[in-house]
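Comments concern the structure below.
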Amino acid sequence: MKKIKSGFGKWSILIAPVLLSFLLYLKKKLAVFLIGDSTMCVYSPKESPLTGWGMPFGNFFDSTVVIKNHAVGGESTRTFIEENLWKRVEDSLSKGDYVLIQFGHNDEVPTKKSYTTEKDYKSNLIRFITETRSKGANPVLITPVARRIFDNSGQIQETHAVYASLVRRVAIEYHVPLIDLDKKSQDLLQELGPDKSKTLFLRPGENPYNPPGQEDNTHFNELGARKMAEIVLAEIRSLKLGLANHIAKPKK
């Protein structure tokens with residue numbers, strides 16, 4: 001009996017790579033890039049209990065999401081760009097990804113080498129936004145998380161007034177989702193009060209940046225980092241971002 005030749009084998013060779021690429025695309029995880037400073041970044045186990053809020057943040061999402069924390073201690077918007085840290089993020093962006101942007105702590109202090117003028121701070125935020133969007137990704141602005149500073153009457157003090165306002169202004173002008181972590185974290189600290197709020201921050205001597213006996217009212221322990229991450233998560237839900245659809249469901 002004469003063997004019938006089929007063209008399927010030939011076509012399968014051509015179709016297979018396309019099909020494989022399609023399947024890989026479907027399986028591609030949603031990347032969420034975090035860019036910012038020491039209040040957000042990842043710390044090594046030997047630096048425990050020092051914890052950036054970006055560390056527990058990833059635990060809130062399901063397996064379809066990968067958190068890429070590019071935050072670095074001491075960075076401002078200016079130094080993050082000058083040291084090519086932003087370029088690494090930009091080059092890695094794909095359509096549909098998210099970039100959570102939180103700077104200000106190091107931009108706003110004139111005595112720091114990382115100091116960034118108000119004009120440049122705003123310009124740098126705009127650059128992050130426009131270059132993120134050019135890749136088809138989604139920028140989200142976050143005001144700098146509050147420092148734990150109370151006055152003598154027990155009222156929390158605003159320490160990011162100028163630079164947090166700039167973030168809010170840019171968010172409005174460029175129609176970018178805004179997570180007002182400055183305000184929300186102030187509300188939490190005020191609710192806890194001067195004494196109880198200490199439980200969210202490093203105790204004297206626990207942070208290598210501060211000498212023993214000096215309070216650290218900026219950097220978080222594990223509890224504080226989780227509380228700040230929970231605020232960000234709640235705001236993602238409130239803003240109804242697409243990212244909210246990937247939040248892990250509580251285990252029953």
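The values are calculated or read from the model by the stated rules, or taken from the named source; none is laboratory data. Given the structure is predicted, the values throughout are model-derived calculations rather than measurements. Please note: Cβ atoms are built from the backbone with ideal geometry, for glycine as well, and neighbour counts cover all protein chains shown. Quick note on the areas: whole protein, heavy atoms, side chains included, nothing else; ligands and nucleic acids left out. Shrake-Rupley method; radii C 1.70, N 1.55, O 1.52, S 1.80 Å.
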Subset of segment 140-162 (residues that are open to solvent by less than 10 Å² (accessible area, probe 1.4 Å) and without any contact (Cβ under 8 Å) to a residue 60 or more places away in the chain): Leu141, Thr143, Ala146, His160
Among (1) aliphatic (A, V, I, L, M); (2) within 17 Å of the chain's Cα centre (by Cα); (3) open to solvent by 60 Å² or more (accessible area, probe 1.4 Å) - the single one Val99 does not satisfy: (3)
Filter result for the condition that a residue is over 23 Å from Arg133 (Cβ atoms) and under 13 Å from the mean Cα position of the chain (by Cα), over Gly74, Gly58: Gly58
Search result, residues across segment 63-85 that are touching a strand residue (DSSP E or B) at 6+ places or on another chain (Cβ under 7 Å) and farther than 18 Å from Thr143 by Cα: Thr64, Val65, Val66, Ile67, Lys68
Single unsatisfied condition, Arg88 versus (1) surrounded by 16 or more Cβ atoms within 10 Å (Cβ to Cβ); (2) more than 22 Å from Pro177 (Cα to Cα); (3) not hydroxyl-bearing (Ser, Thr, Tyr): (1)
Single residue of Asn245, Asn217 found to be more than 23 Å from Val42 (Cα to Cα), among the polar types (S, T, N, Q) and either in contact (Cβ under 8 Å) with a residue 60 or more places away in the chain or assigned to a helix (DSSP H, G or I) (or both): Asn245
Residues of segment 184-206 that turn out to be farther than 12 Å from Gly154 by Cβ and either part of a helix (DSSP H, G or I) or touching a Phe, Trp or Tyr at 6+ places or on another chain (Cβ under 9 Å) (or both), as a count: 10
Condition broken by Ala234, with the remaining ones in (1) at negative phi; (2) of a type in the set (Gly, Ala, Ser); (3) assigned to a loop (DSSP other than H, G, I, E, B) satisfied: (3)
Residues (closer than 13 Å to Leu181 by Cβ and among the polar types (S, T, N, Q)) located in segment 213-243: Ser238
Residues (more than 23 Å from Ala244 (Cα to Cα), open to solvent by 50 Å² or more (accessible area, probe 1.4 Å) and assigned to a loop (DSSP other than H, G, I, E, B)) located in segment 35-61: Ser48
Flag if Arg168 is basic (Lys, Arg), surrounded by 13 or more Cβ atoms within 10 Å (Cβ to Cβ) and within 30 Å of Pro45 (Cβ to Cβ): no
Residues of segment 188-202 satisfying the condition of being open to solvent by 30 Å² or more (accessible area, probe 1.4 Å), closer than 22 Å to Glu235 by Cα and in contact (Cβ under 8 Å) with a residue 24 or more places away in the chain: Leu188, Gln190
Number of the condition not met by Asp107 [criteria: (1) buried (at least 20 other Cβ atoms within 10 Å of the Cβ); (2) of a type in the set (Asp, Glu); (3) modelled with pLDDT under 95]: (3)
